[in-house]
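What follows is a short report on a single structure.
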Amino acid sequence: MTFLFSPPTIQHFFLEPDDLIAFGPAIQPFTQRVFGLPPERFLPKHSAMLATLRGLLAPSGLDRRLQDVAAAMQLHLHARWADGEVSLMEVVQDMVFEPTVATLFGARFCGRHKLTALRDAFFKFESGFELAASPLPHLLQRSFCAARSHLLSAFRVSVVERDFEGELIGDLIKQSAIEPDLAPNVMLAVLWAALSNSIPAAFWSTAFLLLPQHRSHLALILKSLPSAPPPDAPPSQASEHLASLVQVALDRRGPLAAAVAEAVRLRSPGVDLRAAAADARLPLCDGRLLAVKKGQLLAVSPHESHLDERLFGPRAHEFDPGRPGLAAVVGVAGVGGIAGFAFGGGRYRCPGRFFAEAQIVLAVALLLSRYDVRLVSKDLRTTGPLAAGSSGPGTKEVALSGDARGGPSAKIGTGHHRSSCESSNQGSPGDPNGLLPQPELRRQVGIRWPKEECIVSVRRIS
Ligand code: HEM
């Protein structure tokens with residue numbers, strides 16, 4: 001692969017027409033080997049599918065979809081999480097997995113299949129995703145293949161039973177004229193594209209806000225959220241609160257939208273791919289031209305380029321939702337837009353972007369307005385004055401949302417969980433003191449997943 005880092009070259013990477021820099025051949029290993037979509041049948045439908053999905057998830061129709069997402073998220077949150085210490089990733093997966101599946105695939109699909117089994121299969125499929133695109137025979141990737149078969153057969157059964165009629169995915173298949181035998185594979189691609197990015201993005205958006213040095217951002221966000229009803233309030237009050245949270249989710253200029261944009265920027269994919277469809281010369285910053293040959297695989301790295309001071313200024317590595325110009329998140333992602341290109345760019349930019357961003361804001365808003373969430377850290381040496389309290393063994397809760405709400409600054413926890421800080425205090429962008437898990441850097445496609453557990457304490461306040 002030839003990686004392009006020069007800003008003008010990145011611009012060309014996204015904006016050149018397909019007869020110069022093409023999308024289809026670059027993603028073929030994924031669409032063919034991973035999702036099982038034969039290129040000669042899928043690629044002719046690709047543009048129609050992309051345009052249809054973009055239309056179905058356009059901002060104008062999100063209000064209605066997000067109402068359902070909010071109700072489902074609330075159900076999952078309250079059904080499972082009582083006060084105590086929990087893995088933040090588990091909380092987020094719970095809040096995002098089923099509500100997303102229900103929104104995209106509908107209630108009949110969710111009702112027909114065992115969601116815990118689907119969820120297990122999805123995470124096995126997800127973790128084997130990149131290796132499965134490589135030439136390593138699938139025969140040697142049993143867990144991945146079993147997970148894929150499980151997901152495909154669930155989709156197949158539901159296609160036969162017409163579970164998708166009237167649902168977003170059914171409309172997508174129908175309007176882009178995908179043949180019924182290919183429909184399950186397209187569904188698998190959409191399922192993966194949606195969840196493998198939104199779940200870690202919601203995780204990091206919450207986790208960054210829990211860091212002591214981001215307390216002022218958290219305070220501003222909590223102030224911007226509608227007040228939550230007490231736990232014993234009548235259901236009508238809870239519904240009103242959910243409806244106000246949906247409005248928060250739709251506000252692309254709000255402080256929480258900015259925090260999500262920053263989290264996505266700092267944990268963005270390692271690679272976005274295209275292929276040179278003809279010999280070309282691309283301009284570099286210093287006026288020279290880079291010669292590329294037909295067939296060459298070209299890549300940009302949102303992860304690296306988002307730390308490039310030429311694009312994001314001298315504090316590019318910091319998590320700063322107050323970053324001047326971040327309101328540009330309202331525009332379409334692209335080079336020069338401060339929000340960066342975690343969602344790709346040009347014609348092929350992510351069709352689910354607006355839905356994804358709103359859904360992540362919704363998840364974080366719901367969690368932070370209904371629970372007092374604190375990061376449980378094993379080692380507060382690096383947190384300065386906030387490290388007040390016991391220096392003996394056992395975990396402490398870093399002063400977090402409670403502080404932003406005016407609560408105590410630090411308290412002793414129970415200490416039986418493994419936290420990210422246990423293994424290393426190595427910093428990473430947005431987390432200079434290494435209080436959060438390191439992002440997984442070996443896998444390049446999609447938003448980074450955390451390498452380890454991140455334990456938080458949760459206490460229900462509403
Ligand atoms: C934080 C969340 C998300 C991120 C960071 C993300 C990022 C991306 C990126 C980088 C691409 C490739 C674009 C390019 O190469 O220029 C992409 C494509 C895609 N995304 Fe997303 N995505 C997210 C959420 C979603 C959601 C929620 C959905 C669906 C509901 C979705 C559906 C898709 C699909 C179907 C494609 C493939 C488009 C094609 O084949 O041309 N994504 N996404």
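The values are calculated or read from the model by the stated rules, or taken from the named source; none is laboratory data. Predicted model only: the values in this text are computed from it and were never measured. Cβ placement follows ideal geometry from the backbone for every residue including glycine, while neighbour counts extend to all protein chains displayed. Calculation scope for accessible area: heavy atoms of the full protein, side chains included, ligands and nucleic acids excluded. Shrake-Rupley method; radii C 1.70, N 1.55, O 1.52, S 1.80 Å.
Below, the figures for the structure above:
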read-out: When residues of segment 171-182 are limited to those that are crowded, with 21+ Cβ neighbours inside 10 Å and assigned to a helix (DSSP H, G or I), the one farthest from the ligand (Cβ to nearest atom); value: 173
read-out: Yes/no for residue 79 being open to solvent by 70 Å² or more (accessible area, probe 1.4 Å) and either without any contact (Cβ under 8 Å) to a residue 12 or more places away in the chain or within 22 Å of the chain's Cα centre (by Cα) (or both); value: yes
read-out: Qualifying residue in segment 431-440 (condition: surrounded by fewer than 19 Cβ atoms within 10 Å (Cβ to Cβ), modelled with pLDDT under 50, farther than 29 Å from residue 192 by Cα and more than 16 Å from the ligand (Cβ to nearest atom)); value: no
read-out: Enumeration of residues in segment 183-194 that are more than 14 Å from the ligand (Cβ to nearest atom) and open to solvent by 10 Å² or more (accessible area, probe 1.4 Å); value: none
read-out: Restricting segment 339-368 to residues that are in a loop (DSSP other than H, G, I, E, B) and open to solvent by less than 10 Å² (accessible area, probe 1.4 Å), the residue that is nearest to the ligand (Cβ to nearest atom); value: 344
read-out: Residues that are open to solvent by 50 Å² or more (accessible area, probe 1.4 Å) and closer than 24 Å to residue 352 by Cβ, drawn from segment 120-159; value: 120, 124, 127, 150, 156
read-out: Filtered residues of segment 195-243 (kept if open to solvent by 20 Å² or more (accessible area, probe 1.4 Å) and within 16 Å of the ligand (Cβ to nearest atom)); value: 197
read-out: Qualifying helices (runs of 4 or more DSSP H) (wholly inside segment 6-87; at least 2 residues being farther than 27 Å from residue 305 by Cα); value: 39-56, 62-80
read-out: Residue within segment 406-424 that is at pLDDT below 55, in a helix (DSSP H, G or I) and in contact with a helix residue (DSSP H, G or I) (Cβ under 8 Å, 6 or more places away or on another chain) present; value: no
read-out: Meets criteria (open to solvent by less than 10 Å² (accessible area, probe 1.4 Å) and modelled with pLDDT under 95) for residue 399; value: yes
read-out: Qualifying residue in segment 25-32 (condition: within 30 Å of residue 285 (Cβ to Cβ) and among the hydrophobic types (A, V, I, L, M, F, W, C)); value: yes
read-out: Close pairs from segment 193-220: first under 30 Å from residue 351 (Cβ atoms), partner surrounded by fewer than 23 Cβ atoms within 10 Å (Cβ to Cβ) and among the polar types (S, T, N, Q), Cβ under 6 Å, at least 6 apart; value: 199/93
read-out: Residue match in segment 151-162 (condition: in a helix (DSSP H, G or I) and within 16 Å of the ligand (Cβ to nearest atom)); value: yes
read-out: Qualifying residue in segment 272-285 (condition: over 23 Å from residue 347 (Cα atoms), over 30 Å from the mean Cα position of the chain (by Cα) and touching a residue at least 12 places away in the same chain (Cβ under 8 Å)); value: yes
read-out: Any pair with Cβ under 6 angstrom, 6 or more apart, that starts in segment 27-50 at a residue that is away from the ligand (no atom under 13 Å from the Cβ) and ends at one that is modelled with pLDDT of 95 or more and outside any loop (DSSP other than H, G, I, E, B); value: 36/185
read-out: Residues that are free of Cβ contacts under 8 Å to residues at least 40 places away in the same chain and of a type in the set (Phe, Trp, Tyr), drawn from segment 156-186; value: none
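Here's the yes/no breakdown for (1) closer than 23 Å to residue 168 by Cβ; (2) modelled with pLDDT of 95 or more; (3) of a type in the set (Asp, Glu); (4) in contact with an Asp or Glu (Cβ under 6 Å, 6 or more places away or on another chain):
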| position | (1), (2), (3), (4) |
| --- | --- |
| 115 | yes, no, no, yes |
| 125 | yes, yes, no, no |
| 131 | no, no, no, no |
| 138 | no, no, no, no |
| 155 | yes, yes, no, no |
